[in-house]
1. Could you please let me know if residue 229 is within 16 Å of ligand 1 (Cβ to nearest atom), in contact (Cβ under 8 Å) with a residue 60 or more places away in the chain and buried (at least 21 other Cβ atoms within 10 Å of the Cβ)?
2. Give the residues of the stretch 327-341 that are outside any strand (DSSP E or B) and either more than 15 Å from residue 25 (Cα to Cα) or in contact with a strand residue (DSSP E or B) (Cβ under 6 Å, 6 or more places away or on another chain) (or both), sorted by residue number.
3. Can you pull out the residues in the stretch 264-288 that are within 14 Å of ligand 1 (Cβ to nearest atom) and either more than 23 Å from residue 327 (Cβ to Cβ) or part of a strand (DSSP E or B) (or both)?
4. Could you say which residue among 199, 195 is more than 12 Å from residue 16 (Cβ to Cβ) and either more than 12 Å from ligand 1 (Cβ to nearest atom) or under 18 Å from the mean Cα position of the chain (by Cα) (or both)?
5. Residues in the stretch 93-118 that are assigned to a helix (DSSP H, G or I) and either touching a helix residue (DSSP H, G or I) at 6+ places or on another chain (Cβ under 6 Å) or farther than 19 Å from residue 143 by Cβ (or both): how many?
6. From the list 90, 121, pick out the single residue that is assigned to a helix (DSSP H, G or I) and surrounded by 15 or more Cβ atoms within 10 Å (Cβ to Cβ).
7. May I ask you to list the residues in the stretch 254-263 that are within 12 Å of ligand 1 (Cβ to nearest atom) and buried (at least 19 other Cβ atoms within 10 Å of the Cβ)?
8. Out of the residues in the stretch 169-204 that are in a helix (DSSP H, G or I) and in contact with a helix residue (DSSP H, G or I) (Cβ under 6 Å, 6 or more places away or on another chain), which is surrounded by the fewest Cβ atoms within 10 Å (Cβ to Cβ)?
Ligand code: GTP
Ligand code: IMP
Ligand code: MG
C-alpha cells in the first residue's frame, strides 16, 4: 500500500478456467482509470477478446490495455511470444511504436508446435497445441531461444522489469494482465488438466519482475457462469441443449472449440479469492443472466434481481464487486469503485 492512498499497481487474474472476460475488464480499467502501462503475461494459447467502438479484437500477444492510446504496452520476461502471431497483431492494431518486449521473453518456434502435435498426454488433456508447453519445457531445460536472439525484434527490445519498476517509482499506473484462469494453474489447478504455467496473481509478479510489496489491488474476474475448454473436471457441467437454451454457448478464441459450461460455482470462486488474495472482484456477462441489464452503466439502473445476484456473490466472497460487465463493448460496464470507496 502506498502513502496517500494512491493506487498504482493492479493485477488482473481469471478466477475460473480462463475466458472469464479479462480482456474486456483490462481494456476498461486501462481506459477509464488512465493506466500508463499494461503488461500481458502468459502466451499465445490464451485469447483475450476486446470489443471497442464496434470492432472486435482477438488478442494473443498484445495487452488488452492497447485501447488506451496513451498506454505503453509491455511483454514481460516470463511471457512467450511467437514471431508471426506477434508481428501480425502488432501491425493490425498499429501499436508498433508503443510496444516493447523484454530481452528475456521466450520465443515459440514451429518445432514446438510440431512436438506438441505428436504428444499423447497433451492430446488427452485437450491442449490448444500452440507450442506453449513445449517451449516452456525447453526454457526449463535452458535451450529455448529468447527475444534477444532474434534480429527482427531488435527495435522492440526493452528491460521490462526496469521499465515497470521505474514507472511505479514515479507513481505511474501499471496494469498486469493475467491470462487463463486460477484452476488452469500448473500448481493450483486441476492437474494434469492444466496449462504449463502458474496463472495466479503471485506468479504474474514473477513473470513481470515486480516484488510483492508493490501490489495495491488484485482484481479476480469471474463470469456469471463457468466455462472450460479441453478436458478436466467441471462440476455441474450442463448438457449442450441446456447450454443453448440458456444462451450460454461460447466458442474458444484461439481454437474455435465449443466451451463446456456449468453454472456459477461459489466454492471455486471462494478458493480463487483465497489463492490470489483478491482485493476486488469483477463479474462479466451479467446481461446474459439478466437481459434487462444489457448496456446498463449505472448500478441503480440494474434490475433488482441482477443487483441481488451481485450482492449475494459479494457477501459470500467477502470481497467488493467493483466492476460489472453488461455487454461485450468495453464501455458496457457498471463501475462501482467510487460508490464503494475503492480506488483503482
Ligand atoms: P483468456 O485470457 O483466454 O482466459 O480470455 P479472457 O478472459 O480475456 O476471455 P475471452 O475474451 O476469451 O472470453 C470472454 C467472452 O465474453 C468474449 O467473447 C467477450 O467479448 C465476452 N464478454 C466479456 N465481458 C462480457 C459482458 O459483460 N457481456 C457480454 N455479453 N459478453 C462479454
Ligand atoms: P495448453 O496450455 O495449450 O497445452 O492447454 C492445456 C489446457 O489449458 C487445455 O485444456 C486448454 O484448453 C486450456 N487452456 C489453455 N489456454 C487457455 C485459455 O486461454 N483459455 C481457456 N483454456 C485454456
Ligand atoms: Mg480467452
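1. Spelling it out, residue 229 is indeed within 16 Å of ligand 1 (Cβ to nearest atom), in contact (Cβ under 8 Å) with a residue 60 or more places away in the chain and buried (at least 21 other Cβ atoms within 10 Å of the Cβ).
2. Matches in the stretch 327-341: 328, 330, 336, 337, 338, 339, 340, 341.
3. 272, 281, 282, 283, 284
4. 195
5. Qualifying residue count for the region: 8.
6. None of the other options fit; the residue is 90.
7. Residue satisfying the conditions is 259 alone.
8. It comes out as 201.
Only the coordinates and a few stated rules stand behind these numbers; no lab work does. Predicted, not measured: the structure shown is a model, and the values here were computed from it. Virtual Cβ from ideal backbone geometry, glycine too; neighbours counted across all protein chains shown.
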